[in-house]
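Just below is one structure, and these are the notes that go with it.
The values are calculated or read from the model by the stated rules, or taken from the named source; none is laboratory data. Quantities reported herein were computed from a predicted structural model and do not represent experimental measurements. No Cβ is skipped: glycine too gets one built from the backbone with ideal geometry, and neighbour counts run over all protein chains shown.
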Amino acid sequence: MAKAHILIVEDESIIALDIKSTLENLGYAVMGIVASGAEAIRIAGEGHPNLVLMDIRLKGGMDGVQAAEQIRADFDVPVVYLTAHADDTTLQRAKVSQAFGYILKPFEDRELHTTIEIALYKHQMEHRLKESESWLSATLKSIGDAVMATDAQGHIQFMNPVAEALTGWPEAEARGKAFEQVFHIIHQETRRPAQDPVARVFREEVVVGLGENILLVARDGKELPIDDSAAPIRDEHGRLTGVVIVFRDITERVQAAQALRRYAIELQARNDNLDAFAHTVAHDLKAPLNPIIGFAQILREGHATLPREHVHEYLEMIVRSGRKMANIIEELLLLAQVQTQDIKTRPLAMDQVVIEVQQRLMYLIEECQAQVILPESWPCALGYAPWVEEVWANYLSNGIKYGGRPPRLELGATVQPDGMVRFWVRDSGPGLTPEQQASLFTPFTQLSQVRATGHGLGLSIVQRIVEKLGGQVGVESQPGQGSTFSFTLPPTQEL
């Protein structure tokens, strides 16, 4: 993948060079460093960077917000503010300028990297949305319109082929008939006849439209949503000699508008999830990183004098924190796979899937002396084995960690009345309150917010996996009576 090219706008040369070094270490290409808003606009127009890092307070007559607004308007380049100023007035101006991010100095490399990636992603999604809107507009303009014309008495004199196709009336049969006999329209909601546009033109002698939510009832009874306008036909003396009506089938437009609205809602939801995702990732990776740095510094400064047992203890803490980071990264990679990969479901050998999970968690089972009770047989269900294994692994590991001391886990499955197969894990732990249950599967909610420990991407990933496989997740629990975590999968054809 090509490096993103970034323009730095910063009037403090030392700070600018430090930012440049940071960006290059993060894998970005720095297009250049400029110190004024006017120069930033010029370079953005000539070089078309992928993103601009903009300081708000700049020397000269133009500040960073003004420069960002012009760059956004003229070149459609995303801007991220990198500033030491966070007063309400500055924040409000930055918000109005439609910036893609706002970072306060001093900043962490991870924060800068996350903000840049989110800004690039948001801009890419925005660009795709604009392309979709442009394509939709071009498609609508290419649709041929239907044309009908009447004489002064409202009798049909002309129909083009599109009008024939939409109404179901050949021109030869429709010619001479009253307009309302051929052009039958109703209100979509009330199902009542709509006002005849030709009669209205004769009465008001102006161009009129049908209004919204109008259906054309064709000769065979087929109903089509249409949009139209009717205009008077006048002779050289201005006398009204007939009416021309132009209308079109807007089925595609209605469907496209609905799809566009759904797409906009989905895009907004993805952007919201992306923001929450970025904060969660930053928090979860920072937590194990701090002890690694801390203990590494202690070892670096005092390794020669520290007792051997302390050195061993600190190294163990570093290893443990490193494994925790590796686990988080693995979960993030799995989440990305679930988000983007299309898979084909197959009948599952659930006994083998569960055996694989038990082997993966054997160290945890032995350490906690957990008892795992399995059913004699499993119902057949459709799924994707690697993902279903991750669901079981998450449920079992949570049950072992939080399901009582020593934990006792009972696994099972039942076929529901709707045919879906429900798999479940019942533990002997302290249970959960209704409020805790409600927040368990919330995207990017940390598990530590509802239980003693844990980093919490797991249950969010479980939900996404199960929903992509056509099922649902669930939890049933009462304080003091344990918890039952479940997920459903579609049955095989044999069921």
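Structure data summary
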read-out: Cβ-Cβ under 8 Å pairs, at least 6 apart or on other chains, the range 182-210 side without any contact (Cβ under 8 Å) to a residue 24 or more places away in the chain and within 22 Å of G221 (Cβ to Cβ), far side among the small types (G, A, S) and surrounded by 12 or more Cβ atoms within 10 Å (Cβ to Cβ); value: A194/G211
read-out: Looking only at the range 1-35, and only at residues there that are surrounded by fewer than 20 Cβ atoms within 10 Å (Cβ to Cβ), among the hydroxyl-bearing types (S, T, Y) and modelled with pLDDT of 90 or more, the one that is farthest from the chain's Cα centre (by Cα); value: S21
read-out: Subset of the range 304-322 (residues that are hydrophobic (A, V, I, L, M, F, W, C), surrounded by 11 or more Cβ atoms within 10 Å (Cβ to Cβ) and over 43 Å from the mean Cα position of the chain (by Cα)); value: L306, V311
read-out: Only one of P379, P406, P375 that is assigned to a loop (DSSP other than H, G, I, E, B), in the same structural domain as L469 (by TED's automatic domain parsing) and closer than 17 Å to G470 by Cβ; value: P379
read-out: Filtered residue count, the range 321-348, keeping only those that are at pLDDT below 85, out of contact with any Pro (no Cβ under 8 Å at 6 or more places or on another chain) and either charged (D, E, K, R) or assigned to a loop (DSSP other than H, G, I, E, B) (or both); value: 6
read-out: Tabulated pairs, the range 104-117, first buried (at least 16 other Cβ atoms within 10 Å of the Cβ), second part of a helix (DSSP H, G or I) and among the hydroxyl-bearing types (S, T, Y), C-beta under 7 angstrom, 6+ apart or interchain; value: L112/T22
read-out: Test for P161: is it exposed (fewer than 15 other Cβ atoms within 10 Å of the Cβ) and modelled with pLDDT under 90; value: yes
read-out: Of all residues making up the range 27-49, the number that are touching a Lys or Arg at 6+ places or on another chain (Cβ under 9 Å) and within 14 Å of I116 (Cβ to Cβ); value: 4
read-out: Among residues of the range 211-264, those that are in contact (Cβ under 8 Å) with a residue 24 or more places away in the chain and assigned to a loop (DSSP other than H, G, I, E, B), counted; value: 6
read-out: Enumeration of residues in the range 218-260 that are of a type in the set (G, A, S) and touching a strand residue (DSSP E or B) at 6+ places or on another chain (Cβ under 9 Å); value: A218, S229, A230, A231, G242
read-out: Selected residue (only one of R219, R203 is of a type in the set (K, R) and under 14 Å from G154 (Cβ atoms)); value: R203
read-out: Residue count, the range 475-490 (criterion: under 15 Å from L409 (Cα atoms) and assigned to a strand (DSSP E or B)); value: 7
read-out: Among the residues listed as D74, D55, the single one being closer than 15 Å to A94 by Cα and not aromatic (F, W, Y); value: D55
read-out: Matching entry among G454, G431 (being at pLDDT below 80 and on the phi > 0 side of the Ramachandran plot); value: G454
read-out: Residue in the range 369-389 that is charged (D, E, K, R), crowded, with 18+ Cβ neighbours inside 10 Å and in contact (Cβ under 8 Å) with a residue 12 or more places away in the chain present; value: yes
read-out: From G154, G242, G168, G176, residue being over 30 Å from Y263 (Cα atoms), modelled with pLDDT of 90 or more and surrounded by fewer than 12 Cβ atoms within 10 Å (Cβ to Cβ); value: G176
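Let's see how each residue does on (1) under 25 Å from the mean Cα position of the chain (by Cα); (2) at pLDDT 85 or above; (3) not in a helix (DSSP H, G or I):
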{"position": "G45", "(1), (2), (3)": "no, yes, no"}
{"position": "I56", "(1), (2), (3)": "no, yes, yes"}
{"position": "G60", "(1), (2), (3)": "no, no, yes"}
{"position": "Q66", "(1), (2), (3)": "no, yes, no"}
{"position": "D74", "(1), (2), (3)": "no, yes, no"}
{"position": "A86", "(1), (2), (3)": "no, no, yes"}
{"position": "T89", "(1), (2), (3)": "no, no, no"}
{"position": "Y102", "(1), (2), (3)": "yes, yes, yes"}
